[in-house]
Amino acid sequence: MEKKLAEHNAIKEENRAFEEGERFFYLGNTYPLLYVDSHSFKGVRLINGSFIIHRDNKSHAERVFVEWYKKTARELFQERVGYYSRLSKLYPTGIKVTSGVYRYGSCSSSDSISLSWRLIMAPLYIIDYVIVHELCHIKEKNHSHRFWDLVETIIPDYRGCKRWLKDNRHLLLYGTSP
Ligand SMILES: [Zn+2]
């Protein structure tokens, strides 16, 4: 996984033209884009290892892609927050999906958490770390030792996750422009 991501990092500067064959991230892997005529669906589908878009959407492929990322992120975040809330007994008052570029998550003073849809491009264990990080802020509002001790009880390798986010910042920009 690490190696695969590093390889794709090398092409991160490339401009996105949404041409057929361009690869897009989803949960830490990349899948090529494929345009089709024969399907009646709108938007994006991830089928048999390819992102499928109807050819009619080619001129606004970026917009439909971002819509798909946001929708998919919202569903996944709700499920993962639910799981980690039950595990930690830390329940947010709400979940908001943002377009944060380098700010992947936050927790408000009223214990509502915000998560960037861009995280959907990262591996699931990274998404889980950011969720747990924000849930722990419900109990500990700062980054004290008590805070990190709490994170560690749920994500023992939280340091590795922090490092991954630091090393792969550009990766989460790669799919689309802000
Ligand atoms: Zn924090």
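The values are calculated or read from the model by the stated rules, or taken from the named source; none is laboratory data. Predicted model, so just to flag it, every value in this text is computed and none were measured. All Cβ positions, even for glycine, are placed from backbone atoms using ideal geometry, and neighbour counts span all protein chains on display. Heavy atoms of the whole protein, side chains included, go into the accessibility calculation; ligands, DNA and RNA do not. Shrake-Rupley method; radii C 1.70, N 1.55, O 1.52, S 1.80 Å.
Which value, in debye to the nearest 20, describes the size of the charge dipole of the chain about its Cα centre when Lys and Arg Cβ atoms bear +1, Asp and Glu Cβ atoms bear -1, and nothing else is charged?
Dipole about the Cα centre, nearest 20: 400 debye.
Dividing the Cα radius of gyration by the Kirkwood radius, what Rg/Rh value follows for region 2-174?
1.01
Averaged per residue, what accessible area in Å² does region 21-79 show with a 1.4 Å probe, protein chains only?
I get 53 Å² per residue for region 21-79.
Once you've got the Cα coordinates, tell me which of K58/K166; K139/K166; K42/K162; K96/K162 are over 28 Å apart.
Long pairs (Cα-Cα over 28 Å): K58/K166; K42/K162.
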